[in-house]
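No lab work stands behind these numbers, since they all come straight from the coordinates. Computed from a predicted model, the values in this text were never measured in an experiment. We place every Cβ from the backbone using ideal geometry, glycine too, and count neighbours over all the protein chains shown.
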Amino acid sequence: MIWLLWLSVAVGLMASAEDLWRREISNVVTASAFTVGVALNGYLHGWDGVVASLLGGVIGFAVFLLFFVLGGMGGGDVKLMAAFGAIIGKEQVITAAVMTALVGGLMALVFLGYCKIRRLFSKPGSGSEEQPDRKLFIPYAPAISLGVLLSFLSEEKLWTNV
């Protein structure tokens, strides 16, 4: 379990850095994480681990696919959740998705508060006003990564090995 935690930390850092910097998550990160997640679960738990890992990837993909179709999330975010699903497996991926939604909601509230305060203190005509019809997107990889890491706190297997 500790190896899966460290892999999740590494993938989360790489994906978050890319998403914050370039506003996209590369296929190299998501495909590598998915592959290593399946392989590591296979090594740790045999064929049962491979099956649980693949099911986790499918569930992670399916949960976020709806948000992608509705236009609220990018494709890289969906692939990242599938990769994390392959790392953490079918039993933990739903917990991770719920934690991700909570973290993402909190991030959105903080961002909206920041935008409101910025608008209040900006000088009219200074050019710093946002276009009212422009969509604002928040990089979601940090929320996904934190949600996955928080899901490890609910796993009793982690605490028995420490």
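The table that follows gives values for the structure above.
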| read-out | value |
| --- | --- |
| 0 to 90° range, to nearest 10: angle between helix 75-88 axis and the chain longest Cα axis | 30 degrees |
| Calculated [θ] (222 nm, deg cm²/dmol) that DSSP helices of n ≥ 4 give over the chain, each run adding -39,500 (n - 2.57) | -27500 deg cm²/dmol |
| Within a Gaussian network of the chain (alpha carbon springs, distance under 10 Å), most fluctuating of 74, 147, 105 | 105 |
| Residues listed by number, the range 75-107, amide nitrogen under 14 Å from residue 44 label point at 7 Å toward C-beta | 84-93 |
| 0 to 90° range, to nearest 10: angle between helix 141-153 axis and the chain longest Cα axis | 40 degrees |
| Compactness of the chain, expressed as Rg and Dmax over alpha-carbon positions, Å | 17.6, 64 |
| Debye-sum result for the range 28-114 in log10 I(q)/I(0), which assumes one identical scatterer on each alpha carbon, at q = 0.22, 0.26 Å⁻¹ | -0.97, -1.17 |
| Max mean-square fluctuation residue, GNM over the chain, Cα-Cα springs under 10 Å, options 146, 66, 54 | 66 |
| Average Cα contact separation per residue, the chain, under 8 Å, 6 or more apart, as relative contact order % | 31 percent |
| Gain upon complete extension [residue 94, residue 66; 0.36 nm per residue less C-alpha separation] | 8.6 nm |
| Lys pairs, the chain - Cα-Cα below 28 angstrom, 8 or more residues apart or on other chains | 6 |
